[in-house]
Amino acid sequence: MDYKLAENKIKKLISNTQEDVLQKIVDFLYENFEKYTWVGIYIVEDGTLVLGPWRGKQATEHTRIPVGKGICGSSAATGKTELISDVNSDNRYLACFVSTKSEIVVPIKKEGHVIAEIDIDSDARDAFNNEDKIFLEKIADMLKEHI
Ligand code: SME
């Protein structure tokens, strides 16, 4: 799907949804972007990322990740998006699925603090570009009041 169209649809979805907003956004991203093989939202709780809503073919064993560990934990520690074109050449990477080749992690921030993050894996190498980064950072900003 076109990123601008998706952004507008997500904006509407958020304003029209009373319950399970996070799960609905995860579902939307998973269903509309084929290269998004696994989509999840981690919530920061006392220095640990705790897996919230997710969608993908398989569950991950990494349901709790300390801030600072893995690509997810690095993004939570720095407050910056991590865009990894080849997960196997990044030694911070915590493997969840053997099929994953690339990953993007986008922090959700409120008043300068990381309160959650969007984590997306892809089975395609180099699946994410600057457009995905800009798009997902906008979605992260829309979600900050719903964590
Ligand atoms: N690969 C992540 C762990 C989460 S799974 O991708 C769902 C990491 O390195 O932090």
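Here are some notes:
- As a summary of the residue check, Lys57 satisfies the conditions (1) more than 8 Å from the ligand (Cβ to nearest atom); (2) at pLDDT 95 or above except for the one numbered (2).
- Residues that are assigned to a loop (DSSP other than H, G, I, E, B) and either near the ligand (Cβ under 9 Å from one of its atoms) or over 12 Å from the mean Cα position of the chain (by Cα) (or both) within segment 60-81 comprise Thr60, Glu61, His62, Thr63, Val67, Gly68, Lys69, Gly79, Lys80, listed in sequence order.
- Whichever residue in segment 98-122 is within 12 Å of the ligand (Cβ to nearest atom) and in contact (Cβ under 8 Å) with a residue 60 or more places away in the chain and, among such residues, is surrounded by the fewest Cβ atoms within 10 Å (Cβ to Cβ): Ser99
- Qualifying residue in segment 6-29 (condition: in contact (Cβ under 8 Å) with a residue 60 or more places away in the chain, surrounded by fewer than 14 Cβ atoms within 10 Å (Cβ to Cβ), basic (Lys, Arg) and assigned to a helix (DSSP H, G or I)): yes
- Residue count for segment 71-97, restricted to those that are in contact with a His (Cβ under 7 Å, 6 or more places away or on another chain) and surrounded by 18 or more Cβ atoms within 10 Å (Cβ to Cβ): 1
- When residues of segment 82-94 are limited to those that are hydroxyl-bearing (Ser, Thr, Tyr) and more than 8 Å from the ligand (Cβ to nearest atom), the one farthest from the chain's Cα centre (by Cα): Ser89
The values are calculated or read from the model by the stated rules, or taken from the named source; none is laboratory data. A quick note: this is a predicted structure, and the numbers were derived from the prediction, not measured. Positions of Cβ are backbone-derived with ideal geometry, glycine not excepted, and every protein chain shown enters the neighbour counts.
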